[in-house]
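To keep things clear, I will list the structure first and then write my remarks on it.
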Amino acid sequence: MNQYKRNTNNPEIRELENPIDFRSDTVTLPSKEMLQCIENAKLGDDVYEEDKEVIELQEYAAELLGKEASLFFPSGTQSNLTAILVHCQRGDEVLIGRDYHTNLYEARGASVLGGVGICPIDMSESGSMNLNDMLSQIKDDDPHYAVTKLLCLENTFSGKVQPQDELETLVLEAHRRGLKVHLDGARLFNAHIHSGLSLSALVGSFDSVSICLSKGLGAPVGSLLVSDQTIINKAIRLRKMLGGGMRQVGVIASCGMYALKNNIGRLQHDHDNAKLLATGLSKIAELKVEYGESQTNMVFVNCPKEHRLPLENFLFDRKILIASLDRGRLVCHLGVSEKDIRFVVDVFEDYFRKQ
Ligand SMILES: *Cc1c(COP(=O)(O)O)cnc(C)c1O
């Protein structure tokens with residue numbers, strides 16, 4: 001069962017008009033201005049490297065992150081997978097935080113399609129990986145073991161900005177041991193806005209970075225792998241092999257460019273809204289709300305089991321969508337306004353008042 005779909009007897013989600021949708025920041029819809037970019041897009045065949053929109057976007061993103069080159073992908077999953085396949089051969093191994101997206105939510109593509117083993121590393125709830133836990137999993141040169149080639153980190157993790165000094169230490173020590181280091185930066189821009197650190201400072205020490213345009217930045221589709229030219233050249237062949245070579249893809253790349261130029265700064269609103277939501281919900285005695293200092297656009301709500309389904313349905317009847325209160329994650333994004341937040345807090349209060 002897909003955790004973002006609902007199995008209640010309510011009408012189909014797609015029939016709802018203007019729901020307030022907290023399931024993920026992937027649900028963001030392109031604005032009118034963004035859609036206008038499609039009309040004006042200068043298109044070509046991107047497999048021939050002739051689509052001006054894609055070329056411009058790739059150059060712009062690389063420069064923005066202070067790297068040499070970047071490559072446009074249909075999804076973050078394919079971008080992360082390609083990065084792992086660039087850095088590792090069959091029989092090699094990648095170290096990944098146990099709860100990271102690349103370990104849990106990418107269908108083990110690295111192992112299935114690339115013959116690359118995944119070695120999960122324990123991590124804290126806040127997302128940090130202990131240096132010794134990581135180092136202890138780097139295998140010695142011994143024919144009994146896989147060859148450890150890559151460390152994969154994630155920032156933000158569950159909406160939480162990872163302390164940059166901790167990341168730097170992990171990268172430095174992994175490099176010392178001859179590993180490459182990839183960053184799953186699906187929500188890197190949230191980390192940038194929250195921490196005030198420049199994008200290039202956040203990713204400078206990493207060998208490759210994947211960023212998503214279709215999360216909080218609001219583009220309909222797309223991710224970018226950002227790295228040096230040699231790695232990107234290898235990634236072009238792998239992307240083709242994985243079926244990610246697209247043709248007049250400037251149609252969506254133009255939206256991605258709009259997102260990078262216009263929608264980074266506004267992420268602050270999402271963080272403010274998440275805080276407002278957390279503050280509002282934490283006044284409800286039955287709920288345990290988690291919104292720490294490092295949190296950006298997500299609020300985690302622990303709701304007593306017996307209330308979960310009835311509350312989900314109560315919210316749904318008021319056109320408020322949440323993934324599931326089992327996980328209890330509410331995500332703020334450009335489709336949710338401050339007014340929506342106040343309304344949602346009222347609805348939660350209403351539900352518990354009626355109990
Ligand atoms: C969304 C996301 C991805 C990529 O997901 P796609 O749906 O394949 O674009 C990767 N890592 C993290 C942490 C994510 O949240």
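The values are calculated or read from the model by the stated rules, or taken from the named source; none is laboratory data. All figures in this text were calculated on a predicted structure; none of them were measured in a lab. Here the Cβ positions follow ideal geometry from the backbone for every residue, glycine too, while neighbour counts run over all protein chains shown.
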List pairs: first in segment 14-27 and under 16 Å from ASN313 (Cα atoms), second within 16 Å of the ligand (Cβ to nearest atom) and among the hydrophobic types (A, V, I, L, M, F, W, C), Cβ under 6 Å, 6+ apart or cross-chain?
-> ASP21/VAL27; PHE22/LEU330; PHE22/VAL331; ARG23/ALA323
Is it true that VAL289 is in the same structural domain as PHE22 (by TED's automatic domain parsing), under 30 Å from GLN162 (Cα atoms) and in a strand (DSSP E or B)?
-> yes
Quick one: in segment 1-12, of everything that is more than 16 Å from the ligand (Cβ to nearest atom) and surrounded by fewer than 16 Cβ atoms within 10 Å (Cβ to Cβ), which residue is modelled with the highest pLDDT?
-> GLU12
Please work out if GLN36 is assigned to a helix (DSSP H, G or I) and in contact (Cβ under 8 Å) with a residue 60 or more places away in the chain.
-> no
Residues of segment 143-161 that turn out to be within 11 Å of the chain's Cα centre (by Cα) and away from the ligand (no atom under 16 Å from the Cβ), as a count = 0
Restricting attention to segment 170-196, report how many residues are surrounded by 14 or more Cβ atoms within 10 Å (Cβ to Cβ) and over 12 Å from the mean Cα position of the chain (by Cα).
-> 13
Those residues of segment 97-119 which are under 17 Å from ALA174 (Cβ atoms) and within 11 Å of the ligand (Cβ to nearest atom) amount to GLY97, TYR100, THR102, ASN103
What pairs can you find where one residue is in segment 99-113 and among the polar types (S, T, N, Q), the other is more than 13 Å from the ligand (Cβ to nearest atom), and their Cβ atoms are less than 7 Å apart, with a gap of 6+ or different chains?
-> ASN103/ILE118; ASN103/PRO120; SER111/GLY117; SER111/ILE118
Filtering segment 96-143 for residues that are surrounded by fewer than 21 Cβ atoms within 10 Å (Cβ to Cβ) and on the phi > 0 side of the Ramachandran plot leaves a count of 3
The residue from GLY256, GLY280, GLY244, GLY216 that alone is crowded, with 24+ Cβ neighbours inside 10 Å, more than 17 Å from LYS67 (Cβ to Cβ) and not β-branched (Val, Ile, Thr) is GLY216
From ASP140, ASP122, ASP133, residue being within 23 Å of the chain's Cα centre (by Cα) and away from the ligand (no atom under 16 Å from the Cβ) = ASP122
Taking the condition surrounded by 15 or more Cβ atoms within 10 Å (Cβ to Cβ) and either touching a Leu at 6+ places or on another chain (Cβ under 8 Å) or outside any loop (DSSP other than H, G, I, E, B) (or both), does ALA41 pass?
-> no
